[in-house]
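Beneath this line is the structure, given in structure tokens, with notes to follow.
The values are calculated or read from the model by the stated rules, or taken from the named source; none is laboratory data. Not measured: the values here are computed from a predicted model. Cβ: placed from backbone, ideal geometry, glycine included. Neighbour counts: every protein chain shown.
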Amino acid sequence: MRILLVEDEAKVARALEKGLKEEHYDVVVAATGEEGFFQLSAEIFDVVILDLMLPGRNGIEILKTARKQGIQTPVLILTARDTVEDRVLGLNSGADDYLVKPFAFSELLARIRALLRRGRPDQVLKLQTGDLKMDLVTHTVTRGDRLLDLTAREMELLEYLLRHEGHTVSREMLARDVWKTPERTTPLDNVIDVHMSRLRKKVDQGSTGRLINTVRGVGFLLKDDAP
Ligand code: CA
């Protein structure tokens, strides 16, 4: 699970980053509103923790712009002032929840978990890249008019790649998010490579255009190169 933390106070940001990493979240920290917005537009996150008082563009502006652009990532805002106006403004701007500073870290964790749970039913139930289609309701995958016969693990792997389409997926990410193993090991890397190689054969063999690519030394990338 990836979290974007937009917080300009270095001390607070460091403490939150450390705590969240200990809970096995993948954390990206942005210290300004501009940087936060850039990250949010460029990458996929499961939750955004957004401080409202930021230098340059404040949290509300970022949130409004992101929602206008169709970015649906759940947002938890952090506010130093607990006024009804602030809360209403935040929620009206597209925030999913808010937390008043100072807060207990356990409270933040509980809110994040709630947002992650809530986010799930709304997620897209059909994923597609090029002529590769995955239906998460019927658990069927097709490439063009070929129906792919995938194992449960291959389905999970492919779903993960589809959700990170255009972004390189590392073996660390696969170990953590698909195999649910916090540590990456050589034997596990081999297992990942074997599954990936089988999946790639099923997806790419017999079709024009390769969708699953190896990024040497880094991981894998699902990308539709067709013009
Ligand atoms: Ca601040």
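Details
- Of the residues V88, V75, the single one that is more than 14 Å from the ligand (Cβ to nearest atom), among the hydrophobic types (A, V, I, L, M, F, W, C) and closer than 24 Å to D177 by Cβ is V75.
- If you go through region 22-45 and keep only what is within 15 Å of the chain's Cα centre (by Cα) and charged (D, E, K, R), you end up with D26, E43.
- Summed over region 33-52, residues that are within 16 Å of the ligand (Cβ to nearest atom) and surrounded by fewer than 16 Cβ atoms within 10 Å (Cβ to Cβ) total 1.
- Hits in region 189-214 (condition: modelled with pLDDT of 90 or more and either exposed (fewer than 10 other Cβ atoms within 10 Å of the Cβ) or over 21 Å from Q128 (Cα atoms) (or both)): D189, N190, V191, I192, D193, V194
- Every pair of residues 6+ apart whose Cβ atoms lie under 8 Å, when the first sits in region 5-25 and is on the phi > 0 side of the Ramachandran plot while the second is more than 11 Å from the ligand (Cβ to nearest atom) and part of a helix (DSSP H, G or I): H24/R176
- Within region 58-72, restricting attention to residues that are within 14 Å of the ligand (Cβ to nearest atom) and surrounded by 17 or more Cβ atoms within 10 Å (Cβ to Cβ), the residue that is farthest from R2 (Cα to Cα) is I60.
- Yes/no for E17 being acidic (D, E) and modelled with pLDDT under 95: no
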